Each structure stands twice: as C-alpha cells, then as structure tokens.
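Below: one structure, written as structure tokens.
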Amino acid sequence: MKLRYFSHSAFQITCDDGVKILIDPFFNNNPTSPVRAEDVEADYILISHGHWDHLGDTLSIAQRCNALCICENELGQYLSAKGLNVHRMHIGGAFKFDFGRIKLTQALHSSVTPDNVCHGTPTGFVITINGKSLYHTGDTGLFSDMKLIGQLNKIHTMLVPIGDNFTMGIDDAAMACDFVRPVQAIPMHYNTFDVIRANPEAFCTKITANGIECKIINFGDQISI
Ligand code: NI
Ligand code: MN
C-alpha cells in the first residue's frame with residue numbers, strides 16, 4: 001500500500017487494489033497543505049475527532065466522492081444529519097470493511113465540531129490492511145495503555161503527533177513509540193501553526209536510538225509500506 005502525507009494529521013492510504021482512504025482531511029484552511037480539497041479522491045474518510053483541523057474538508061470531499069465516513073458515534077450522527085454516508089463506531093470496537101479492518105482507540109483530548117453542535121469523543125485508529133497495521137493516534141497526550149494497543153495489534157507504522165501544545169511533544173511522542181514498539185514511526189501534527197513548531201529530526205534521533213525506524217515524510221510526498 002501507499003501512504004501519502006499532506007501535513008498536519010492528514011494522510012491518504014492507497015491500497016494495492018486502488019481503494020483510497022483519507023484520514024483527517026484538512027486541506028483548504030491548512031496553510032501547509034500542498035493540495036486543495038477539490039483535488040483529492042476518497043472512497044473512505046476516517047475522522048479522528050470534530051476539531052476543525054481534523055474534520056477539515058470532510059463534508060465537501062465526502063459529498064463529491066460519495067465516500068463512506070468512518071468515525072466515533074456522535075460525530076457520525078452529526079455527519080449523517082448532514083446527509084453523508086457514515087459508519088459509526090466507538091472506542092475498543094473493530095469492524096471489517098472491504099479494504100481491511102478498523103479499530104477505534106482512545107485519545108486523551110477533546111472533540112467538538114466547528115459550529116459547536118457535536119461534542120463527541122476523540123479517537124485514534126488502528127488500520128489493518130493485508131496483515132499490516134497502522135496506528136494513527138489522533139490528537140492525544142501520552143497514555144500508558146498505548147502499551148496494550150501495541151501488544152494487541154503488532155503495529156507496523158505509527159503516526160504520532162510531535163507538535164506539543166495541543167498534543168504530545170517530542171519527548172512524550174518518543175515515549176509513546178516506546179510503549180507501542182512499531183517497526184517505524186512517522187511524525188505528524190507539527191509546523192502547521194506557530195504554536196506547534198517542532199523539529200522532526202530531533203524526534204527521529206530519539207526513537208532511532210531506541211531501535212525504532214523513523215520516516216519524515218515531506219508534505220505532499222508518498223511512501224510505500
Ligand atoms: Ni484536536
Ligand atoms: Mn489538532
């Protein structure tokens with residue numbers, strides 16, 4: 001599969017059969033996004049929580065592409081009421097979709113939609129496709145149950161926020177990687193705004209010293225997993 005990073009927490013997985021999965025599609029109000037929402041395709045959209053920098057352009061992309069939105073229950077009800085196709089889940093639950101399996105994980109954070117209508121629960125995702133698991137933590141602080149997520153799911157690639165202020169910073173993110181023990185980690189949620197400036201190289205130095213590969217993906221670039 002391919003993994004493209006758009007900056008912030010926005011990624012696109014392209015499966016070997018061409019199925020496209022967007023995660024936290026924050027494009028048109030994102031000063032660091034290399035693409036516009038109108039240029040992105042999706043069969044599925046995963047939304048970690050309702051904050052504007054994660055819900056992003058979900059509405060317009062889901063409408064244009066007729067994508068299925070996958071998210072936590074209350075946020076799902078909110079998106080359903082706007083006419084979108086939604087699969088609602090909750091923390092600890094997994095479901096097998098045509099492309100693979102999604103499991104919702106907890107995230108230490110909050111969640112409210114930009115119009116202050118929906119106060120749901122923030123989440124992360126374990127995404128398993130063809131036997132490989134990715135863990136997108138969502139916006140979160142460090143929590144020790146990440147150890148269980150790592151033990152239960154054998155994470156290959158961990159997408160971890162390092163920008164501090166609203167989420168983990170570099171030290172906590174490095175500890176999170178040590179809890180989960182993925183094969184590789186990719187830093188996210190940094191340098192979008194001044195308050196979340198962080199040096200991804202400093203994060204990489206820490207986790208590499210601890211036996212975990214680090215991949216910094218330039219905004220807009222794609223890697224194979
Ligand atoms: Ni947030
Ligand atoms: Mn955020």
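Read the figures in this text as sums done on the coordinates, not as results from a lab. Note that this is a predicted model, so its numbers are computed, not measured. As a convention, Cβ positions derive from the backbone with ideal geometry for all residues, glycine included, and neighbour counts pool all protein chains shown.
Please compare each pair in Lys2/Lys147; Lys20/Lys154; Lys2/Lys206; Lys147/Lys206; Lys103/Lys147; Lys2/Lys215 to a cut-off of 21 Å on the Cα-Cα distance and tell me which ones are over it.
Working: Lys2/Lys147 26 Å; Lys20/Lys154 23 Å; Lys2/Lys206 26 Å; Lys147/Lys206 18 Å; Lys103/Lys147 16 Å; Lys2/Lys215 14 Å.
With Cα atoms farther than 21 Å apart: Lys2/Lys147; Lys20/Lys154; Lys2/Lys206.
Which net charge results when you count Lys and Arg as +1 and Asp and Glu as -1 among the other residues whose beta-carbon is under 12 Å from that of Ile217?
Spelling it out: positives minus negatives among the neighbours equals +2.
Per the Debye formula with a single identical scatterer at each Cα and no solvent contribution, what log10 I(q)/I(0) holds for region 128-197 at q = 0.12, 0.17 Å⁻¹?
-0.29, -0.55
In the chain, what cysteines have no partner Cβ closer than 4.7 Å?
Here Cys15, Cys65, Cys69, Cys71, Cys118, Cys177 come out as lacking a disulfide-compatible partner, given the Cβ-Cβ threshold of under 4.7 Å.
Any number yet on Rg/Rh for the chain, C-alpha, Kirkwood?
With Rg and the Kirkwood Rh in hand, the quotient comes to 0.93.
For the chain, calculate the relative contact order in percent as a whole number, restricting contacts to Cα pairs under 8 Å that are 6 or more residues apart.
17
Using only the Cα atoms of region 1-127, construct the convex hull and provide its projected area averaged over every direction, in square nanometres to one decimal.
7.0
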